[in-house]
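Everything below concerns the one structure shown next.
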Amino acid sequence: MSGCGNSVHLSTAGLPVYRKDPGSRLDYGFDLGAQGWLAQGETVTSLEVTAATPVGADALVIEAPTVAGGVIYAWISGGSLGKDYAVTFHWATSAGRVDERSLTLQVRNR
């Protein structure tokens, strides 16, 4: 998950940043359980994944937002070369919590 071996760094705002080839289709997401964002026995009950499309760019294709235990992810493809996209994962839990985390995808030739 999270780009399948794709290196990640943090932006100045502390958000994860991944580089993605315009022709790739990879899974990106967050391990909520490992990060301590879920309490013991708490589960994710809904998940929505969206991406902000930069002006003049092709939209990312977001497929199959998935919850697997404490891991949330989606398959992402497309995008315009040289553009950066903010991808937001918004979820609710069985304990009534609602939260979101974002990451940046930089579309570059790899």
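Rounded to whole numbers, the Karplus 3J(HN,Hα) couplings from phi for the stretch 77-86 are 9, x, x, 9, 3, x, 9, 10, 10, 8 Hz, using 6.51 cos²θ - 1.76 cosθ + 1.60 with θ = phi - 60°, and x at Gly and Pro. Less than 5 angstrom separates the built amide H of D58 from those of S80, all sequence-distant by 5 or more or on a different chain.
Provide, as a two-decimal number, the C-alpha radius of gyration of the chain over 2.2 N^0.38 Å, N being how many residues it has.
Normalised Cα radius of gyration, the chain: 1.06.
Read the figures in this text as sums done on the coordinates, not as results from a lab. Note that the coordinates shown come from a computational prediction; the quantities given were computed from them, not determined experimentally.
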